[in-house]
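Read-outs throughout are calculated quantities, based only on the coordinates presented, and are distinct from any laboratory measurement. Note that the structure is a prediction, hence the values are computed from the model and not measured. Note that we place each Cβ from the backbone using ideal geometry, even for glycine, and neighbour counts take in every protein chain shown.
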Amino acid sequence: ALPYKRRLFASLVEAAVKGASKYKIPVTVKMRVGIDSQYETYLDAGKIAADLGVAWVALHARTAAQLYEGKSDWSKIKNLVEHLAPTGIPVLGNGDIWSGSDAIEMVKTTGCAGVVVGRGCLGRPWLFADLVAAFNGQEIRALPNLFEVREIIYRHAELLTQYFSSEDRACRDLRKHMAWYLKGFRVERELRAKFGMVSSLLELRQLLDQLVDQPYPVAIGDAPRGRTSHGRAVSLPDGWLNDPDELVAVDGEDSGSGG
C-alpha cells in the first residue's frame, strides 16, 4: 500500500539510498503489483525507485489483496522490465519459484535480470544450488535423502545458535522450519510433535537420530509450500486513498502489513 503515496514512497527510498551510500551498500526496492486490481502502483513506484538510484527493483507479481492466492502474474514483471528499460535499472522477479526450471522460465518469459526466492526455499535451502545449476545450464538437482536432510537441520540449528548467541532461542526459531524440512517424508506424528517443541541441540540430535532414512519425496517435497492463504481486503489508514501525492506521516499504530 505504501507506493500508492508517491511522495511518501519517494522520500523513504531517497533516504534509504542516501543513508546506504555512505557505506557503499546498494539498495533494492521490493514491492507488489499494488493494493489490489483497482490500485496497481508498480510501474510508477518502479520508475520512482529507479530515478532515485536504487540498484535493483524486485516485483512480487501479486497484489497485496491477493496475499498468496492463486498464481502470480508474471506478465506484470515483463511490463516492469519494459517500463524500466530506459533507466538501465534491472528488475528481479518474484512469485512461484519452486525449482530451477521455474526460475529459468520466469527469466525467459519476462526478461527479468534474476529472481527472488521466498516460500520456495522454506525447508529446502538446497534450492539455491538448484538455481545456480539451472542458470549455468546444468540439469543437476539436489535430492537429499532424509539422513542428509537431518544433518542440514542440525547445521541450521548450530548456525542459529551462533547468530542468536542462545541455544534456547535458536531452537525456538527452528521449530517453525521443521514441518517444511520434513514435508513429504514419512515421520510418525508423535515424533513430528516433539520436533515442534525442541528446546536444545542435544534434544534435537536425539530426535533426529530417531528418523528412518528414505529417499527424497519429489512429488510432495517440490510442491508449493509456505503460506497459501486466500486474498482479503487490505486494511489501510483512514483517508489513505484520498490523494496519492499527499506527503503523510503514518503513526506506528496505523501501520501494518499488506501481505
* Please report, in cubic angstrom per residue, the volume enclosed by the convex hull of the alpha-carbon atoms of the chain. => 162 Å³
* Asked: Going down the list LYS30/LYS176; LYS30/LYS76; LYS5/LYS30; LYS24/LYS47; LYS18/LYS78, which pairs span over 18 Å between their C-alpha atoms?
  -> LYS30/LYS176; LYS24/LYS47; LYS18/LYS78
* Based on the mean of other beta carbon atoms within 10 Å per residue, what is the order of 42-52, 165-175, most packed first? -> 42-52, 165-175
* Asked: Based on the Kirkwood radius over alpha-carbon pairs, what value in µm²/s does the Stokes-Einstein equation return for the translational diffusion coefficient of the range 146-215 at 25 °C and 0.890 mPa s?
  -> 205 µm²/s
* Relative to the Cα centre, what is the charge dipole magnitude of the chain, using +1 at the beta carbon of each Lys and Arg, -1 at the beta carbon of each Asp and Glu, and rounding to the nearest 20 debye? -> 360 debye
